[in-house]
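Notes for the one structure printed next.
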There are 2 protein chains.
Amino acid sequence: MKLLECVPNISEGRDQEKIAAMAEEVKRYRGVKLLDVSSDRDHHRSVFTFIGEPSSIKDAALLLALKAIELIDMRGHRGAHPRLGAVDVVPFVPIQGMEMEEVIELAHEFGKELGRKGIPVFFYEEAATCPERKDLPSIRKGEYEGLRDKLNDPRWKPDEGPDCFSSKSGATVVGARFPLVAYNVNLKTGDLALAKEIAKRIRFKDGGFPHVRAMGVDLEGKGMVQVSMNLTDYRVSNIPKVFEFIREEVLKSGVEIGESEIVGLIPLNVLEGIVQCYLKYPEFSIRQVIEQRILEFE
Amino acid sequence: MKLLECVPNISEGRDQEKIAAMAEEVKRYRGVKLLDVSSDRDHHRSVFTFIGEPSSIKDAALLLALKAIELIDMRGHRGAHPRLGAVDVVPFVPIQGMEMEEVIELAHEFGKELGRKGIPVFFYEEAATCPERKDLPSIRKGEYEGLRDKLNDPRWKPDEGPDCFSSKSGATVVGARFPLVAYNVNLKTGDLALAKEIAKRIRFKDGGFPHVRAMGVDLEGKGMVQVSMNLTDYRVSNIPKVFEFIREEVLKSGVEIGESEIVGLIPLNVLEGIVQCYLKYPEFSIRQVIEQRILEFE
């Protein structure tokens, strides 16, 4: 069974009617499941999360994008969140049974189709066509307001679509990335310096685990501190690896873990590694889970 | 989302055409998923595993039972496995979103409908109408060959259907039970006495954990011994409880756990308890798993 997720970030977070009309495009697509819509008035932005079989996901994403382009006029858009266009970012995320290469190809097809509709498209993350376009912030630098000038710079020729500025719609960033696991571990101490020190030791940037971003956070309400992490490839650095590292490190300072938490949704595959580790069961597979078998029927 | 499993044990394990015809009855039922068919020539018996929305499962089980009654003649049946009739045992198992009371009611309805077709029906396990009928072996004692006499005994008046013996079909045992987790822990030692001692301490019968059956087994090929368990209500005694107990107990004898394994399929809910325990995350819910959310759409 192949399962692909798409998480478009759209520059409309206030007009409920418009947001519902965009959601409707996804909902009415057979075989696609809209898991979540989160809108933020201050950001003036909505994030749609939907999942299903790859080619349906690509088609539903295109319908959603075209509806957003129809309904949104960037000329009046003011919000707290950085953005480059009406359809700001469209990331495709492999959940089950897909290689990244396949997702990149699909993201490129989506970008080509959106480009044909007159939208300048940049590819980012795994779908990037050059190293300078891998990071979203560098593509989005200057935002919608600086886009006209950016498009005049030959280094920022779009990967798909026209080179010229569309004042109504701006531009779109399309990408492929692994599912991100947002994972926090709370420490039974008020010592923020300890959380920051552990975060530093754990994050890849400072020589820690690959595909791990981490920071130390003060949880004043709880009287605890937190190591807040993003695991950007759980196949390489999964939850047990960081949890056990933190447990051992803080124990040296006589501190215990209070609790841990996963923020948002995770693929079932993430649990596979947890069972394998803690039950000394390296051969455990999510195919032993009844619900997984049910999904494989579809 | 409500998910019910049915695992009928049918007295035909040799004629592939007949087994396929019975499977076909389940397969063609919309919304029901046939996860497995296991046939055994020596036992002359097949076990069908299917899952879906409760009332569809009941109807599909009835179609399967009627096809078995049509195709099987018990007068010629010889097999290694004890049996009372063509449709020998029909257990209903709640997988998600169902209380046991609801499953018992559904098992009783199924038994009533099968009884109307002329089959004597006994209810067992959670669906039993009296304590003496709770255990399957006591209902099945004397088997098909002794059934005529058994039905003449007023203590063995069927719960549904006629009191008289049907030589072609025999009788059927219908029940409701929790999903059973078959779980084994292998010890890095050849000391079978240790495995047997641990099994004794762990099983409910001898004062151990509720809803746990256990025995010590020699794994000669591996040079290890095994504590082999059935967890008959994982909500009360789940994997981490028995795994950690075994780990601590064998450590006293300087023995380590080699590995552990789950036999067959488990509900996703079983993993909930594992994550909650090992990640100090008492609020973890399987609703945080993308695949679970997808299933809730149906």
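The values are calculated or read from the model by the stated rules, or taken from the named source; none is laboratory data. For clarity, every value in this text was computed on a predicted model and none was experimentally measured. Cβ: placed from backbone, ideal geometry, glycine included. Neighbour counts: every protein chain shown. Surface accessibility is based on the protein's heavy atoms, side chains included, excluding ligands, DNA and RNA. Shrake-Rupley method; radii C 1.70, N 1.55, O 1.52, S 1.80 Å.
At 7 angstrom along the Cα-to-beta-carbon line, where would the label on A:LYS200 sit relative to the other copies? Give the distances in nm, shortest first.
5.7
Using a 7 Å offset from the Cα along the Cα-to-Cβ direction at both B:MET215 and A:ALA21, what is the distance between the two label points in nm, to one decimal?
For the pair B:MET215/A:ALA21, the computed spacing is 6.9 nm.
Under the Kirkwood approximation for Rh and a Cα-based Rg, what ratio Rg/Rh is obtained for the protein assembly as shown?
Computed over Cα atoms, the ratio is 1.06.
What are the extents of the Cα atoms of the range B:212-279 along their three principal axes, listed from largest to smallest and rounded to whole Å?
33, 25, 18
Nm distances between the label at B:GLU248 and the same-position labels in the remaining copies, 7 Å along Cα→Cβ, shortest first?
2.3
Taking 0.36 nm per residue of sequence separation and subtracting the Cα-Cα distance, how much length would be gained by fully extending the chain between A:ASP59 and A:MET100, in nm to one decimal?
Taking A:ASP59 through A:MET100 to full extension adds about 12.9 nm, to one decimal.
Under 19 Å between alpha carbons: how many lysine pairs meet that in the range A:38-145, if sequence neighbours fewer than 8 apart on the same chain are excluded?
6
Pick from A:GLY13, A:GLY146, A:GLY221: which is most flexible by mean-square fluctuation in a GNM of chain A where alpha carbon atoms under 10 Å apart are linked?
The residue with the greatest mean-square fluctuation here is A:GLY221.
Partner chain Cβ atoms within 10 Å, averaged over the residues of B:241-249 - can you pull that number for me?
The mean count of partner-chain Cβ atoms within 10 Å per residue comes to 1.
If r is the Cβ-Cβ distance from A:LYS157 to A:PHE204 and R0 is 35 Å, what FRET efficiency results, to the nearest 0.05?
So, using R0 = 35 Å, E works out to roughly 0.65.
Which one, B:VAL93, B:VAL217, B:VAL173, has the greatest fluctuation when you compute a Gaussian network model over chain B with C-alpha springs under 10 angstrom?
B:VAL217
Given contacts defined as C-alpha pairs under 8 Å and at least six residues apart, what's the relative contact order of the range B:148-227, whole-number percent?
25
Using only the Cα atoms, what convex hull volume per residue in Å³ does chain B have?
Hull volume over Cα atoms, normalised by residue count, gives 147 Å³.
Once label points are set 7 Å from the Cα along Cα→Cβ at both B:LYS112 and A:LYS188, what is their separation, rounded to one decimal in nm?
Result: 5.4 nm between the two label points.
Can you give the relative contact order of the range A:110-158 as a percent, counting alpha carbon pairs under 8 Å and 6+ residues apart?
23
State in Å² the accessible area per residue of the range A:101-216; use a 1.4 Å probe, count heavy atoms of protein chains only, and round to the nearest integer.
49
Taking every residue in A:276-282, how many Cβ atoms of other protein chains lie within 10 Å of its Cβ, on average?
6
Shape of the range B:1-116 from its Cα gyration tensor (a ≥ b ≥ c, root eigenvalues): rounded if a/c is under 1.5, otherwise prolate when a/b > b/c, or oblate?
prolate
State the percentage of accessible surface on the range B:75-174 attributable to carbon and sulfur atoms; use a 1.4 Å probe and exclude ligands, DNA and RNA.
With neighbouring chains kept in place, the figure for the range B:75-174 is 48 percent.
Summing both sides, how much accessible area is buried between B and A? Use a 1.4 Å probe and give Å² to the nearest 100.
Using a 1.4 Å probe on protein heavy atoms, the buried area is about 3900 Å².
How many Cβ atoms of partner chains, on average, are near each residue of A:254-264 if near means within 10 Å of its Cβ?
Across A:254-264, the average partner-chain Cβ count within 10 Å equals 3.
On a 0 to 90° scale, report how tilted helix A:100-116 is relative to the longest principal axis of chain A, with both axes built from alpha carbons and the result rounded to the nearest 10.
20
Taking chain B as the reference, fit the longest principal axis to its C-alpha atoms, fit the long axis of helix B:239-251 to the helix C-alpha atoms, and give the angle between the two in degrees, 0 to 90, nearest 10.
The helix B:239-251 is inclined about 50 degrees to chain B.
Calculate what fraction, in whole %, of the accessible area of the range A:1-53 sits on carbon and sulfur atoms when a 1.4 Å probe is rolled over the protein chains.
Carbon with sulfur: 41 percent of the solvent-accessible area.
For chain A, what relative contact order do you get, as a whole percent, if you take Cα pairs closer than 8 Å and at least 6 residues apart?
15
Measure off, as a whole percent, the carbon and sulfur share of the 1.4 Å-probe accessible area of the range A:188-298, all protein chains present.
Solvent-exposed carbon and sulfur of the range A:188-298 make up 50 percent of the total.
How far is helix A:16-27 tilted off the main Cα axis of chain A, in degrees rounded to 10, range 0 to 90?
80
Under the rule of -39500 (n - 2.57) per DSSP H run of 4 or more residues, summed and divided by the residues of chain B, what mean residue ellipticity at 222 nm is obtained, to the nearest 500 deg cm²/dmol?
So the calculated ellipticity at 222 nm is -10500 deg cm²/dmol.
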